[in-house]
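One structure below.
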Amino acid sequence: QVQLVESGGDLVQPGGSLRLACNASTSIFSRYIMGWYRQAPGKQREQVASINTYGSRNYVASVKGRFTISRDNAKNTVYLQMNSLKPEDTAVYYCNAWSAWGNYWGQGTQVTVSS
């Protein structure tokens, strides 16, 4: 069982920045594909970004050029740097870890973009 703990969610003004972090309780963190998802009220959960075990990244079109996903295998942590935030980025952001050993979710962290 892997526990994922997210942090960094907050209220921020449009145009601002936030960095989310997700720490994983596993000794084989480097073997997991890590992803960030978000779910806004009344909407389905969507994948925002992912990073595989080789460091290759993918992003949903709406965040390309504004968000950056990264991982630090030594710290068992994945990050999501979010710049130029928009009100439509408001959502609960969830961390996900996937591998042949299992699929795990964090509890979520709220990001609210509002003036």
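So here's what we get for this one:
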quantity	calculated
Residues located in the stretch 63-85, provided they are aliphatic (A, V, I, L, M), farther than 16 Å from N52 by Cβ and crowded, with 20+ Cβ neighbours inside 10 Å	V63, M82, L85
Residue match in the stretch 18-30 (condition: farther than 25 Å from V2 by Cα and either modelled with pLDDT under 95 or open to solvent by less than 20 Å² (accessible area, probe 1.4 Å) (or both))	no
Hey, R19 under 18 Å from Q107 (Cα atoms) and in contact with an Asp or Glu (Cβ under 7 Å, 6 or more places away or on another chain) or not	no
Every residue from the stretch 40-54 that is surrounded by 10 or more Cβ atoms within 10 Å (Cβ to Cβ) and under 19 Å from A74 (Cβ atoms)	I51, N52, T53
Search result, residues across the stretch 86-115 that are surrounded by 12 or more Cβ atoms within 10 Å (Cβ to Cβ) and of a type in the set (A, V, I, L, M)	A91, V92, A97, V111, V113
Single match in V113, V48 (criterion: out of contact with any Ser or Thr (no Cβ under 8 Å at 6 or more places or on another chain) and in contact (Cβ under 8 Å) with a residue 12 or more places away in the chain)	V48
Breaking point among (1) assigned to a strand (DSSP E or B); (2) over 11 Å from the mean Cα position of the chain (by Cα), for L85	(1)
Test: residue in the stretch 41-59 that is more than 20 Å from N103 (Cβ to Cβ), not charged (D, E, K, R) and not in a loop (DSSP other than H, G, I, E, B)	yes
Which numbered condition G35 misses (of (1) touching a residue at least 60 places away in the same chain (Cβ under 8 Å); (2) assigned to a loop (DSSP other than H, G, I, E, B); (3) among the small types (G, A, S))	(2)
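The values are calculated or read from the model by the stated rules, or taken from the named source; none is laboratory data. Keep in mind that this is a model prediction, so the values were computed, not measured. Glycine also receives a Cβ, built like all others from the backbone with ideal geometry; neighbour counts cover every protein chain displayed. Just so you know, the surface numbers come from the protein's heavy atoms only, side chains and all, with ligands and any DNA or RNA stripped out. Shrake-Rupley method; radii C 1.70, N 1.55, O 1.52, S 1.80 Å.
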